[in-house]
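Okay, so here's the structure we're looking at.
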Amino acid sequence: MDLYCVMGNPVEHSRSPRIHARFAELCGRQQMEYGRRLIPLGAFAEGIAAFRGEAAERGDVARGCNITVPFKFEAAALAQHTSERALLAQAVNTLRFDADGGIHADNTDGIGLVNDIVRNAGVPLEGKALLLIGAGGAAAGVLGPLLDAGASRVVVANRTVDKAVELVRRHAAVALRHGASLEAWALDEVPGAFDVVVNATASSLAGDAVPVKASVLREGGLAVDMMYGPAAAGFMAWAQAHGAVARDGLGMLVEQAAESFEIWRGVRPPSAQVLAEIRAELK
């Protein structure tokens, strides 16, 4: 049996096992098992070693894992091989354990978000003005792919402006390559309105007020919270009340999982079908 899991703290809320089980079923890859592993803070490397060791004791093989908060930065340090997008993000959400014993690290969050916006929501990013709220690990994981998708103006807004400035500096070459404007602003000073607004902060999870003014929303524009379920309800209600089309992060979750599945198994699962099924289950 090929073993996979999602590692985090907390992790009990994760829908990744359900998503990957369905991917495996639809792709005829039943000889795999995907679970959750709660990892104590400060013990991530030990958690990886335990997962691989326990699999071997069972006569199975640990093939990879997804990483959620707060271990995305620690995961990057364990890898012998790291994708370009993960290097740029300086954060990792996918590890693949190769046959030679090495670990390959990647970050599928950004391409997952882009695929959900473009394919599932039907909103092309080419030539659009985009506001990214937050400059932490979640924002770092998606900024590069958003620029690669063709957004013409991207603003990173954060409570601590220096963090936004650093994130912008790290992505300056990507913006230049695509001819995009890339700016850093304080949350309460963001100028203009945007076609797409992405909330990459923990404000929804904490139940806090939306950290930017409503004038950043363009009438009929798209507002995406990277959280999903009840955690995204406040941001979505705010966006709808000010004339935007609101979307939660469930589609991003499914799409980033599909990218991880392809890295591990070499086949692309039917993500749109699984997203529709998961949304139906949550109603």
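A short reminder: the numbers here are calculations on the coordinates, not readings from a lab. These figures come from a predicted structure and were not determined experimentally. Because the Cβ atoms are built from the backbone with ideal geometry, glycine has one as well, and the counts that use them run over all protein chains shown.
Counting only DSSP beta bridges with both residues in the chain, what percent are antiparallel, rounded to the nearest 5? Intermediate results must be reported in sequence, preceding the final value.
On the way: 7 of 45 bridges.
Percentage antiparallel, nearest 5: 15.
Relative to the longest principal axis of the chain, what angle (0 to 90°, nearest 10) does the C-alpha long axis of helix 44-58 take?
Tilt relative to the chain: about 40 degrees.
Using modelled amide H (1.01 Å from N, peptide plane; none on Pro or chain starts), what sits under 5 Å from the amide H of residue 194, excluding residues fewer than 5 places away?
Long-range HN contacts for residue 194: 217, 218.
Please order 73, 51, 23 by the number of other Cβ within 10 Å, starting at the fewest.
On the way: 73 16, 51 22, 23 27.
Fewest to most other Cβ atoms nearby, the residues stand as 73, 51, 23.
To test your reading of the geometry: what angle, between 0 and 90 degrees and rounded to tens, separates the Cα axis of helix 271-282 from the longest principal axis of the chain?
80
Using R₀ = 45 Å, calculate the FRET efficiency as 1/(1 + (r/R₀)^6) where r is the Cβ-Cβ separation of residue 13 and residue 176; round to 0.05.
Values: r = 39 Å, r/R0 = 0.87.
According to the calculation, E is roughly 0.70.
Counting pairs of alpha carbon atoms under 8 Å apart in space and at least six apart in sequence, what relative contact order in percent does the stretch 58-143 give? Walk me through the numbers on the way to the answer.
Details: 121 pairs, mean separation 24.2, N = 86.
Answer for the stretch 58-143 is 28 percent.
Bins of 10 Å, beginning at zero and ending with the bin holding the largest distance: percent of Cα pairs per bin for the chain, please.
Result, from short to long distances: 7, 29, 36, 21, 6, 1 percent.
Would you kindly calculate the mean projected area, averaged across all directions, of the convex hull enclosing the Cα atoms of the stretch 110-248, in square nanometres?
7.0
What percent do you get for the relative contact order of the stretch 1-108 when only Cα pairs under 8 Å and 6+ apart count? Write down the numbers at each step before the final one.
Working: 191 pairs, mean separation 29.3, N = 108.
Reported relative contact order: 27 percent.
Please tell me the relative contact order of the chain in percent, rounded to the nearest whole number, where contacts are Cα pairs under 8 Å and at least six residues apart. It would help to have the intermediate numbers written out before the result.
Values: 586 pairs, mean separation 44.3, N = 283.
For the chain, the relative contact order is 16 percent.
Check residue 94: other-chain or 5+ apart residues with amide H under 5 Å from its amide H, H built from backbone geometry?
Answer set, sorted by chain and number: 67, 106, 108.
Take the Cα atoms of the stretch 125-204, find their three principal axes, and give me the spread along each one in whole Å, biggest first.
Extents along the principal axes, in whole Å: 29, 24, 20.
Under a GNM of the chain (C-alpha, springs under 10 Å), which listed residue has the highest mean-square fluctuation: 86, 244, 49?
Per the Cα network of the chain with a 10 Å cutoff, 49 tops the list.
Tabulate in residue order the Karplus-calculated ³J(HN,Hα) for the stretch 231-247, using 6.51 cos²θ - 1.76 cosθ + 1.60 with θ = phi - 60°, rounded to whole Hz; enter x for Gly and Pro.
So the J values, rounded to whole Hz, are 4, 8, 4, x, 5, 5, 5, 4, 4, 5, 5, 10, x, 9, 8, 9, 9.
Report, in debye and to the nearest 20, how large the dipole of the chain comes out about its Cα centre when Lys and Arg carry +1 and Asp and Glu carry -1 on their Cβ. Present the calculation step by step, with values, prior to reporting the outcome.
Numbers: 27 positive and 32 negative charges, 59 e Å.
The calculated dipole for the chain is roughly 280 debye.
Applying the Karplus parametrisation 6.51 cos²θ - 1.76 cosθ + 1.60 with θ = phi - 60° to the phi angles of the stretch 192-199, what ³J(HN,Hα) value in whole Hz is obtained for each residue in order, glycine and proline being reported as x?
My calculation for the stretch 192-199 gives x, 10, 10, 5, 9, 10, 10, 8 Hz in order.
For n ≥ 4 DSSP H runs only, could you compute -39500 (n - 2.57) per run for the chain, divide by its residues and tell me the 222 nm figure to the nearest 500?
Working: 12 runs with 116 residues, N = 283.
The per-residue figure over the chain is -12000 deg cm²/dmol.
Pick out, from 114, 83, 152, the residue whose Cα sits farthest towards the positive end of the charge dipole of the stretch 53-184, with +1 on the Cβ of Lys and Arg and -1 on the Cβ of Asp and Glu.
Positive-most Cα among the choices belongs to 152.
Assuming a ≥ b ≥ c are the square roots of the Cα gyration tensor eigenvalues, decide whether the stretch 1-80 counts as rounded (a/c under 1.5), prolate (otherwise, with a/b larger than b/c) or oblate. Each step should come with its number before you reach the end.
Working: a/c = 2.00, a/b = 1.37, b/c = 1.47.
Note, shape of the stretch 1-80 comes out oblate.
Looking at 244, 62, 4, which one has the Cα that reaches farthest to the positive end of the dipole of the chain (charges on Cβ: Lys, Arg +1; Asp, Glu -1)?
So the residue we want is 244.
Taking the chain as the reference, fit the longest principal axis to its C-alpha atoms, fit the long axis of helix 161-170 to the helix C-alpha atoms, and give the angle between the two in degrees, 0 to 90, nearest 10.
70
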